[in-house]
Amino acid sequence: MLSTEKSHSKREAIGFVKKVGSGGDQSGGAGSVGIGFLSTKSLNQGSDTKEYTLHHHFALDCVAIPKITISVMASISLPSICPSAALSFQDKCKEKTKSRSSSKSVFSVKTKSHGQITMAVAVNTSRFDNITMAPPDPILGVSEAFKADTSEMKLNLGVGAYRTEELQPYVLKVVKKAENLMLERGENKEYLPIEGLAAFNKATAELLFGADNPVLHQQRVATIQGLSGTGSLRVAAALIERYFPGAKVLISSPTWGNHKNIFNDARVPWSEYRYYDPKTVGLDFDGMVADIKAAPEGSFVLLHGCAHNPTGIDPTPEQWEKIADVIQEKNHIPFFDVAYQGFASGSLDEDASSVRMFAARGMELLVAQSYSKNLGLYAERIGAINVLCSSADAAVRVKSQLKRIARPMYSNPPVHGARIVANVVGNPDFFNEWKEEMEMMAGRIKSVRQKLYNNLSAKDKSGKDWSFVLKQIGMFSFTGLNKTQSDNMTDKWHVYMTKDGRISLAGLSSAKCEYLADAIIDSYHNVS
Amino acid sequence: MSDHSTSVFAQIARAPEDPILGVTVAYNKDSDPSKLNLGVGAYRTEEGKPLVLNVVRQAEQKLVNDPSRVKEYLPIVGLADFNKCSAKLIFGADSPAIQENIVATVQCLSGTGSLRVGGEFLAKHYYEKTVYIPSPTWGNHPKIFTLAGLSVKTYRYYDPATRGLDFQGLLEDLGNAPTGAIVLLHACAHNPTGVDPTLDQWDQIRKLMRSKGLLPFFDSAYQGFASGSLDADAQSIRMFVADGGECFAAQSYAKNMGLYAERVGALSIVCKTADVASRVESQLKLVIRPMYSNPPLHGASIVATILKDSNLYNEWTVELKAMADRIISMRKQLLEALQARGTPGDWTHIIKQIGMFTFTGLNAEQVAFMTREYHIYMTSDGRISMAGLSSKTVPHLADAMHAAVTGVA
């Protein structure tokens with residue numbers, strides 16, 4: 001029995017079309033649901049035969065079944081789903097006709113003049129069909145592309161993971177020792193507290209601020225274990241969003257690609273301060289200070305504690321002091337991202353000097369830490385968020401709110417990486433071994449910088465100053481190559497790097513320095 | 001120069017302790033030898049000790065001894081073998097959904113992380129932003145979904161009069177939900193009540209949901225741990241997948257593999273087609289990358305090692321069944337102890353309910369009495385963790401319950 005609603009509107013019913021089994025059996029079948037809309041056209045006025053065109057937004061398999069019955073479960077007009085969907089529906093249908101085998105089913109049915117339309121058409125549609133394929137991650141996607149490349153010459157200078165001279169991943173010896181010890185001890189796997197492993201939290205704050213730092217004795221630091229750098233930044237961003245509504249985070253231009261995504265997803269507004277000067281391939285210090293000064297009072301200023309990613313360009317100690325001055329002047333809040341402590345210069349203390357200097361001035365600040373690079377614990381996701389407050393009472397309150405953010409995100413953090421760090425830092429022999437291995441890693445990177453620079457200077461006859469390679473610090477170098485030039489590096493030379501011109505020296509071997517120099521010189525001079 | 005008396009954090013108030021974890025805090029402070037911790041849901045042995053499964057230790061040994069293992073970043077979606085094995089575990093090894101490649105599976109941080117990533121994905125990409133959760137449910141559910149950007153409503157679930165399922169109420173409330181709304185379902189061993197629908201009731205729920213286009217989001221935290229059978233505990237999910245419709249499933253290995261602190265879990269989204277699944281997966285990566293970049297390796301490696309090795313897998317099923325059986329036996333013992341004491345009321349719900357928890361039906365005053373007089377630590381909603389009981393401690397609990405029921409209104 002079929003009947004139809006009296007309506008003169010073109011888009012009559014948008015809703016869910018239920019698939020019915022071939023025998024009209026309501027209870028069986030796959031009950032698949034889809035969104036489509038019906039437009040109607042009366043064949044003639046007053047006629048009780050109407051022509052229905054069912055536009056499938058996601059028409060994939062349109063199976064005609066003997067008994068054509070569609071149950072329109074709900075009539076919702078297009079605009080109520082969402083305004084933009086309403087506008088694009090028609091267009092999407094047009095697009096669909098190009099690629100799909102059939103996006104319309106036209107059928108005539110005899111109808112009565114009142115009531116609901118009941119017709120059934122088998123429709124296999126997905127509620128997620130309108131989801132587009134996301135682009136690959138600009139950093140992590142590089143490694144995927146590298147894997148696919150079959151050239152013998154290929155070189156992966158994309159992601160910042162340390163490689164040995166043999167270009168192999170490296171698990172620190174001290175990490176293996178710690179893991180063996182942990183297995184021997186046979187510790188249990190009970191949930192950590194929301195704030196993480198206490199021994200880890202103590203060790204990480206001491207590493208960062210220095211074990212004798214008065215701020216620790218005064219209990220002014222709220223520390224919770226986080227999911228490496230990213231996770232720690234995200235929890236801090238959520239704290240900012242909740243307790244500093246409208247406050248902006250100022251990020252350097254350029255900065256690590258994921259910073260923007262983190263603040264976007266946390267719904268924290270951000271703006272950029274000048275940082276990289278392409279003319280000098282160095283720091284635009286005046287621009288940086290001016291932009292920080294111009295920002296609304298009480299902004300958060302995201303600073304790379306050492307080994308700026310992607311440029312490798314760090315402020316000098318004198319410049320750090322001036323940066324601290326202007327931040328204090330504007331009552332801004334410093335927010336340090338410390339992903340390379342010990343890995344940049346080889347010295348844990350030296351690499352923490354910027355943070356410690358700010359702390360010594362009595363400033364309140366946030367610090368996100370990561371052990372991915374300096375302990376090679378990339379995949380274990382171990383880091384921390386520290387909030388240095390002006391009082392112990394504030395630290396207690398802040399810590400309780402950090403926990404409140406972590407609980408609905410992942411409940412409590414993973415134990416394995418935390419135990420490794422706590423064991424390494426807590427055991428004097430392991431700690432010394434760690435420092436040696438870290439010096440070794442930082443040393444290898446310094447030495448390939450030198451070799452790369454030597455090759456560039458020797459081979460490039462243009463007189464271009466390549467000394468920025470030596471002045472930059474840490475895992476990365478900003479070559480100054482633009483996107484097209486970077487593409488040339490990949491397409492012609494099979495050198496994989498990020499499109500911003502960043503190369504990871506951690507992925508460079510001594511043996512490949514000459515080849516890389518040739519590639520850079522070619523891309524810089526012959527491609528624009 | 002900053003003054004120590006002023007703080008930009010001055011307006012931040014102290015958050016209260018988590019209600020569930022706070023029970024353990026109070027328990028730890030108590031010095032009475034008869035004290036009993038029936039608060040948090042972590043398995044305890046008959047001796048009251050935490051348990052690390054034998055197969056887990058074996059897997060860890062294998063991993064540590066393997067010289068080729070590295071700690072490089074996992075892909076954003078996690079360890080591939082782990083994802084494959086997890087999907088097979090929950091959907092069944094011969095699930096057509098897996099064979100047709102219509103499932104997008106991503107490794108996440110245990111159950112919580114899987115729910116959060118799924119929730120954020122839906123808030124971003126799905127047109128219906130309301131999720132219906134059962135009343136009551138795990139305390140963290142509403143917070144997870146709210147922070148993910150969804151709005152939370154409830155559907156009737158627990159009937160205090162019968163200490164069972166309010167099935168009519170459930171059907172009514174889901175029947176009144178807007179078309180396309182998301183519905184959170186506990187795959188088995190409902191937390192906190194232990195009350196599960198029968199298979200027949202599940203089928204009715206399924207039909208209703210499909211007729212309204214409601215989107216099922218399963219929380220599977222106890223597969224194998226509830227009945228002792230991995231397949232039986234996945235029946236509800238498999239029933240929904242078999243009808244060809246779409247659904248979400250959050251899996252946790254915290255309890256069934258005792259990997260609590262390793263934070264191992266997975267989010268699977270069963271889509272209509274392989275093409276949709278691959279696009280969905282690409283968008284899941286955009287949710288994960290700004291949250292923690294990529295998931296932790298250790299726990300997932302343990303799970304993959306066990307699931308891929310038939311000997312370890314078989315051993316696991318035996319250890320899993322032993323845990324489930326011990327809990328079932330505690331249920332029987334508690335019921336018998338109450339019946340022996342002639343405690344007024346019908347206590348058979350203790351053996352009808354399933355999983356780690358029992359919703360005793362005791363009220364907050366009775367619970368407070370039990371804590372004060374008998375040093376029993378439990379949540380004030382009357383929930384007890386059976387995993388925290390032993391043959392030796394059942395009599396003490398029964399005494400406490402008897403006293404509470406007969407002495408406190």
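The figures follow:
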quantity	calculated
Candidates B:GLY78, B:GLY48, filtered to the one that is within 11 Å of chain A (Cβ to nearest Cβ) and among the small types (Gly, Ala, Ser)	B:GLY78
Total residues in the range B:258-275, condition surrounded by 24 or more Cβ atoms within 10 Å (Cβ to Cβ) and either more than 9 Å from every other protein chain (Cβ to nearest Cβ) or assigned to a helix (DSSP H, G or I) (or both)	8
Sole residue being open to solvent by less than 30 Å² (accessible area, probe 1.4 Å), touching a residue at least 40 places away in the same chain (Cβ under 8 Å), assigned by TED's automatic domain parsing to the domain that holds A:ALA394 and not small (Gly, Ala, Ser), chosen from A:ILE262, A:ILE240	A:ILE240
Which numbered condition A:THR490 misses (of (1) crowded, with 19+ Cβ neighbours inside 10 Å; (2) closer than 22 Å to A:SER447 by Cα)	(2)
Qualifying residue in the range B:29-36 (condition: open to solvent by less than 20 Å² (accessible area, probe 1.4 Å) and more than 7 Å from chain A (Cβ to nearest Cβ))	yes
Looking only at the range B:201-234, and only at residues there that are touching a residue at least 24 places away in the same chain (Cβ under 8 Å) and hydroxyl-bearing (Ser, Thr, Tyr), the one that is farthest from B:LEU184 (Cα to Cα)	B:SER229
Flag if A:LYS435 is in contact (Cβ under 8 Å) with a residue 60 or more places away in the chain and assigned to a helix (DSSP H, G or I)	yes
Leading residue by the ranking (farthest from B:GLY119 (Cα to Cα)) among those in the range B:296-311 that are open to solvent by less than 10 Å² (accessible area, probe 1.4 Å) and more than 7 Å from every other protein chain (Cβ to nearest Cβ)	B:ILE306
Test: B:ALA93 is more than 8 Å from chain A (Cβ to nearest Cβ), open to solvent by 40 Å² or more (accessible area, probe 1.4 Å) and hydrophobic (A, V, I, L, M, F, W, C)	yes
Filter result (open to solvent by 10 Å² or more (accessible area, probe 1.4 Å), more than 7 Å from chain B (Cβ to nearest Cβ) and more than 27 Å from A:LEU181 (Cα to Cα)) within the range A:371-402	A:ALA392, A:ASP393, A:LYS399
Count - residues of the range B:219-245 that are surrounded by fewer than 24 Cβ atoms within 10 Å (Cβ to Cβ) and among the acidic types (Asp, Glu)	2
B:LEU21 under 30 Å from A:ALA161 (Cα atoms), among the hydrophobic types (A, V, I, L, M, F, W, C) and within 10 Å of chain A (Cβ to nearest Cβ)	no
Helices (runs of 4 or more DSSP H) contained in the range A:145-239 and holding at least 1 residues closer than 19 Å to B:HIS298 by Cα	A:173-185, A:198-209
When residues of the range B:66-84 are limited to those that are part of a helix (DSSP H, G or I) and touching a residue at least 24 places away in the same chain (Cβ under 8 Å), the one surrounded by the fewest Cβ atoms within 10 Å (Cβ to Cβ)	B:ASP81
Filter result (open to solvent by less than 30 Å² (accessible area, probe 1.4 Å), more than 11 Å from chain B (Cβ to nearest Cβ) and part of a loop (DSSP other than H, G, I, E, B)) within the range A:346-370	A:GLY346, A:ALA352
Looking only at the range A:503-517, and only at residues there that are out of contact with any helix residue (DSSP H, G or I) (no Cβ under 7 Å at 6 or more places or on another chain) and open to solvent by 10 Å² or more (accessible area, probe 1.4 Å), the one that is farthest from A:SER447 (Cα to Cα)	A:TYR515
Candidate set from the range B:47-65 (those that are modelled with pLDDT of 95 or more and part of a loop (DSSP other than H, G, I, E, B)); member that is least open to solvent (accessible area, probe 1.4 Å)	B:LEU53
Odd one out for A:ALA395 among (1) in a helix (DSSP H, G or I); (2) out of contact with any strand residue (DSSP E or B) (no Cβ under 8 Å at 6 or more places or on another chain); (3) farther than 28 Å from A:GLU318 by Cβ	(2)
Which numbered condition A:PRO136 fails, given (1) within 7 Å of another protein chain (Cβ to nearest Cβ); (2) part of a loop (DSSP other than H, G, I, E, B); (3) touching an Asp or Glu at 6+ places or on another chain (Cβ under 8 Å)	(1)
Pairs, first over 19 Å from A:HIS494 (Cβ atoms) and at the interface with chain B (Cβ under 10 Å from one of its Cβ atoms) in the range A:153-180, second β-branched (Val, Ile, Thr) and open to solvent by 20 Å² or more (accessible area, probe 1.4 Å), C-beta under 7 Å, six or more apart	A:PRO169/B:VAL70; A:TYR170/A:THR164; A:VAL171/B:VAL70; A:GLU179/B:VAL64; A:ASN180/B:VAL64
Flag for A:ILE420 being within 21 Å of B:TYR260 (Cα to Cα) and more than 8 Å from chain B (Cβ to nearest Cβ)	yes
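The values are calculated or read from the model by the stated rules, or taken from the named source; none is laboratory data. Every value quoted in this text rests on a predicted model; they were computed, and no experiment measured them. For neighbour counting, all protein chains shown are included, and Cβ atoms are generated from backbone atoms with ideal geometry for every residue, glycine included. Accessible surface is based on the protein model in full, side chains and every heavy atom, while ligands, DNA and RNA are left aside. Shrake-Rupley method; radii C 1.70, N 1.55, O 1.52, S 1.80 Å.
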